[in-house]
Amino acid sequence: MASIERVHTDKAPKPLPQFSQAVKYNGMVYCSGNIGFDPASFKLVEGGVKEETRRALQNLSAVLEEAGSSLKNVVKVNIFLTTMDNFATMNEAYDEFFTQDVKPVSVQE
C-alpha cells in the first residue's frame, strides 16, 4: 500500500499543527484550502479580492512545486466567495494563473 507523504514549503503560509499544506498519495497531490495570506506575516494581503486571489494562487503554486507538480496539472479548484459581486475581479486574477481554455474551477457563494 502506498504511504501518505505530507508536503510543506516555507513559500506558503504554515498550516496549523494538525493540518498540512498538501499530501501526496498514489501519484496524486491533494492540496488543502488556502486564502490570500502572506507566508511571512501570516496576514491577509492588502488590495482586495484580486490581490487575495493572486496570493492564494501563488501559495498554491508554491505547494504544488514542493510536491513536484505545478498549476498545469490541477484538475479541480473550489473557490468560495462571500458574494458573487466579487466574481469578475477574482476571475481576472485566476485567469493570470490558469491560462488553458477549459479551466478547472467550481465557484460557490
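Where a number appears in this text, it was derived from the coordinates with a stated rule and is not lab data. From a predicted model like this one, the values you see are computed outputs, not experimental measurements. Heads up, the Cβs are rebuilt from the backbone with ideal geometry, glycines too, and the neighbour counts pull from every protein chain shown.
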Highest-fluctuation residue, Thr53, Thr99, Thr82 considered, GNM on the chain with Cα pairs under 10 Å: Thr82
Gaussian network model of the chain, Cα within-10 Å springs - most flexible of Phe19, Phe37, Phe87: Phe19
Point-charge dipole on Cβ atoms (K/R +1, D/E -1) for the chain, about Cα centre, debye to 20: 380
Amide H partners (placed H, <5 Å) of Ile79, local residues excluded: Ser106, Val107, Gln108
Between the stretch 52-76 and the stretch 1-39, the Cα center-to-center distance that results, in Å: 11
Nearest 10 degrees, 0 to 90: helix 49-66 Cα axis against the chain principal axis: 20
Hz values of 3J(HN,Hα) by residue in the stretch 23-30 - Karplus curve (6.51, -1.76, 1.60), Gly and Pro given as x: 10, 10, 8, 6, x, 10, 10, 10
Gyration tensor (alpha-carbon) shape descriptor, the chain, a/c threshold 1.5: oblate
Net lengthening on full extension, Lys76/Asp10 (0.36 nm per residue, minus Cα-Cα): 21.4 nm
Separation of the Phe87 and Leu44 label points, Cα + 7 Å toward Cβ, nm: 2.1
Per-residue HN-Hα couplings for the stretch 39-46 [Karplus 6.51, -1.76, 1.60; θ = phi - 60°; Hz; x = Gly/Pro]: x, 6, 9, 6, 10, 5, 5, 8
Placed amide H near Ala22: partners under 5 Å, 5+ positions off or other chain: Val7, Ser32
Theoretical ellipticity at 222 nm over the chain - DSSP helices of four or more residues, -39500 (n - 2.57) apiece, nearest 500: -8500 deg cm²/dmol
Most mobile listed residue (Ala40, Ala22, Ala67) in the chain, GNM with C-alpha springs under 10 Å: Ala40
Rounded to 10°, Cα long-axis angle of helix 87-97 versus longest principal axis of the chain: 50
